[in-house]
Structures are given as structure tokens and as C-alpha cells.
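Undergrad: Would you mind keeping the following structure in view while I ask a few things?
The values are calculated or read from the model by the stated rules, or taken from the named source; none is laboratory data. Just so it is clear, the structure is predicted and the values come from calculations on it, not from any experiment. Heads up, the Cβs are rebuilt from the backbone with ideal geometry, glycines too, and the neighbour counts pull from every protein chain shown.
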Amino acid sequence: MDQYAPRRARLLTSSRPLPDFDVVASSGPWLHCADGRRILDGSSGLLCLNVGQRSPAVFARIEQQFRRYSFGGAAVVRPDIQMELMDRLCRAVGRPEDFVALTTCGTLGVEVAVGLARNITRLRNGKRRGDILTSTLSYHGNSALTLALAGNHARRPRPQDALGLAPAFPAPYPPTHSHDGRACDVSCADEVALAIEARGAENVAAVLLEPVNGTTGGAYVPPEGYLRRVSEICREREVLVIHDEVLTGLWRTGTPLASDHWDGAEPDLCILSKGLGAGYTGVGAVLVSPEIATLLRHQDADPLPAMGTMAAHPLQAAACLGVLDELEAMDTGAFQARGKRLGAALRTLADSEHVRDVRGLGHLYGVEVTPGLFWPLMEAAEQRGAFFYPFTGAGHPRSEGLVVAPPLNSTDEDIEFLITALCGAVAALDDHR
Ligand SMILES: Cc1ncc(COP(=O)(O)O)c(C=O)c1O
């Protein structure tokens, strides 16, 4: 450990105060450590590993592609595998006619979506500025632009480094939007209208939001009717809606897209990433509805974004096809039911004096605890063999807790183990009173 620490410090990334796992093998949601311990990864490896570790289907696809050719670049080799991926993906998420831009990660997906949205609104509405409005509780990636746009206050750049950008409207969740005790509801969408009007609709290209909050606030679900109303408000003002489904897309919340939970909530553009690569590859996909995508081929359109050298790499596309093979072979009814059972079991934790709230959908939940307790909770869970992703999201003092998000193909026994470990860890918080 002592020899390890100085080298670890040279790796320039944030890290947690608990020891890392020294993983020597894995299977499904399980990590097998050098010291013989077995840890259930209840975070799906940063919310990616929707189909678990070491998928045979993903391996078979990568191997097949590797035998054909390993790299070419879309401008050199006919992009058949990328087109196969595009068709499969669009059908899988119920948007079969969408146009698609492929990128290497979620952040670049957001960047490309911003560029496309600006281009589209200008083509549609003539001279128009390209403002992108976001909420006060959001994360959209780690580039200079996406950090400056988003409302994750732990990661916001200093004001002088924020490119003059800031979130524009309060997210419809209690810690960021107060109503004198009243819960957030559909009327919170009026804040989006106010934000557009404050800028002048002619200055706004799009509203960018996570349809279900991910790790910033810990899996907040919007009030009934909220997303639909936001879409209506935007449409009335000719502003585009971009959904960042980097984290929630591809069944994480129980449906192909999180927006599928509500009627009338479909966005104009949608960004997918984590669940598509499922941890096997970096990837991002921007889906653009056909009504607006055709404008991008207009003679006055700005040039389309270059895909980037490593975007739509054939091995990346092969891995994604393997992930889609896995997802489509899954018994949807069974894993949706398992997700509901997980949610019901987690909600019983709210009876503990240490747990302030439990929220979420499908295989994505936030367990919010009394401030000061999330590291002890995480440590207690790890001692019981389960790992979860921490959030330190919103409000003053900040709400904090664990995001519970196991792989979608975890078995009933895996989920039972996870629940037992987390319930035991919450009970152990009595020692921290
Ligand atoms: C909602 C959301 N958007 C964008 C991103 C950025 O994706 P990436 O880390 O792949 O660049 C993330 C990553 O956590 C995310 O959760």
C-alpha cells in the first residue's frame, strides 16, 4: 500500500478516501479481488456496465470484427458496421428514422448535439444566437464547454473560466427549487419559459436536460407532466429540446429511454453513451429526429461535425452491437420486475432515521442520507461486499448519499445480496450517531 500510494497520486484524477479494489477477475456484476474478496458492483462501473462484465456476446462481436479489419476510419473504409449500429440502435430505442452522429464518449456527444442544435435552429429561423439553457442540477460532461454549461456545483469552473456560461433554470427538485414547503410539480416547467424569455427566444437554440437526474442529485425523477410541458414550452418558442440520456439511456430506468416513462416527452435530439458501450468501449451517439435532421443537408448548413479519428471505430461499433445483442436477448419483463422489486426494497430504507429519501426508477436509485454519513455508509457497504457510487449533489447543506445501479442482468440472488448488504450498512450507521 505504501509503495502504491505515490504512484497512484501521479494519476491526475479525483479519487475516493477508501482503498481501491485490486481486481484480478470478474463475472456479471461481481469483482473478484486479489485478497480473495468478492464485491458486488452496485454502481455498474460508473453506471456503464448494463450487461455486466465479460459478456460472451460482446466478445464474439469484437473477435469477428477483429478478424475482418481493426481500423479504417469512416472516410477510408465503407462504414457498414457503423450503419448497422445506427440502424440497430435507432430501432432499439424506438426512433427508427433518426439520423445519428457517433462520438467517442458522452461529453463529446453533448458537444456535438450542441453544435447540431445551433446549426438546425439557424437554418430554421435565420439569424439566431445559439444559447443552450440547462438546469441548476445537471452534469453534461467534463470538457470546458460542458462543465461551464452544467449545474453540478462541485465541478463548476471558477466564474472567470466559465466561458460566460451558467445554468439557466432551477431543476424541478426540492433542494434546488423551493416552494415554501410545497413539492415540485408540473408548474416548475414555467421556470424554463421564464429562462427562455429572459434571454429572448431568438437567442436560444436549445434546452438541454437529463430527463431523469443521474449522479449529480442522486436519481431524482421529474414531476408528472414536467418533461411534456417543457417540450411544449420549447416548441411554442421554436427552441429545440436535447435530452442527455448518456446515463439513463438503454433501459437503465426500465425503458429504452428514460423519456419513455411519460407521453409527449420525446426530445428533438437525444444523446446516448454509457449503456451503449456498456463499459466495453468509449462511445457516444447523438440521435436527431428526421424532421430536423434533413435540414443539416441543406446547402446553407454549416459543415457537419467530423466524426473524430476514433469515433465509430469498427471495434467500438462491434462492441456496441454485442451490447445490443445482450440487451435484446434479455427477458424485458423479468428485469423490469426485478428493478421494481429492487426499488420497493430500497424504499423500506426510508424508515431509518439516517435515510432522508429514496427515489428512482428501474435499475437506478438514489439513497439520500443525513449529511456527513455517506462515506461511513459506503465503507459499511464495502465491508458487506457491495460497492455503490456516491453523490454529493444539491442544496445547502448538500444532499448526499449513494446511487444504487446494478447491471440490468443481475440475477435475483445478486439483487438479494445487494439489498442485504445495503440494509446492513444502513443499520450500522447507528454507530455513527
Ligand atoms: C448525464 C451525463 N452526461 C454526460 C456525461 C459525460 O460522459 P463521459 O464521461 O462519457 O464523457 C456523463 C458522465 O457521467 C453523464 O452522467
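Undergrad: Give region 197-216 a look and list any residue that's buried (at least 24 other Cβ atoms within 10 Å of the Cβ), out of contact with any His (no Cβ under 7 Å at 6 or more places or on another chain) and not charged (D, E, K, R), or say none.
TA: Val204, Ala205, Ala206, Val207, Val212, Asn213, Gly214, Thr216
Undergrad: Looking at Pro29, Pro56, Pro6, Pro17, which is the one that is more than 16 Å from the ligand (Cβ to nearest atom), exposed (fewer than 12 other Cβ atoms within 10 Å of the Cβ) and at pLDDT 95 or above?
TA: Among Pro29, Pro56, Pro6, Pro17, only Pro56 is more than 16 Å from the ligand (Cβ to nearest atom), exposed (fewer than 12 other Cβ atoms within 10 Å of the Cβ) and at pLDDT 95 or above.
Undergrad: For the structure I just gave you, tell me whether Ala219 is crowded, with 24+ Cβ neighbours inside 10 Å, at pLDDT 95 or above and part of a strand (DSSP E or B).
TA: So Ala219 does not fit the description; no.
Undergrad: For Asp244, state whether it is away from the ligand (no atom under 12 Å from the Cβ) and not hydroxyl-bearing (Ser, Thr, Tyr).
TA: no
Undergrad: Counting just the residues of region 99-114 that are within 20 Å of the chain's Cα centre (by Cα) and under 16 Å from Pro267 (Cβ atoms), which one comes out nearest to the ligand (Cβ to nearest atom)?
TA: Checked region 99-114; the qualifying residue nearest to the ligand (Cβ to nearest atom) is Gly106.
Undergrad: Moving on. Answer yes if at least one residue in region 303-318 is surrounded by fewer than 17 Cβ atoms within 10 Å (Cβ to Cβ), in a loop (DSSP other than H, G, I, E, B) and at pLDDT 95 or above, and no otherwise.
TA: No, every residue in region 303-318 fails to be surrounded by fewer than 17 Cβ atoms within 10 Å (Cβ to Cβ), in a loop (DSSP other than H, G, I, E, B) and at pLDDT 95 or above.
Undergrad: Take the residues in region 254-288 that are more than 13 Å from the ligand (Cβ to nearest atom) and outside any loop (DSSP other than H, G, I, E, B), then tell me which one is farthest from Leu47 (Cα to Cα).
TA: Val288
Undergrad: Specify which of the listed residues (Gly249, Gly284, Gly275, Gly264) is surrounded by fewer than 24 Cβ atoms within 10 Å (Cβ to Cβ) and either not aromatic (Phe, Trp, Tyr) or not assigned by TED's automatic domain parsing to the domain that holds Thr309 (or both).
TA: On inspection, the qualifying residue turns out to be Gly264.
Undergrad: So, in region 205-241, of the ones that are farther than 30 Å from Val404 by Cα and touching a Cys at 6+ places or on another chain (Cβ under 9 Å), which residue ends up farthest from the ligand (Cβ to nearest atom)?
TA: Leu240
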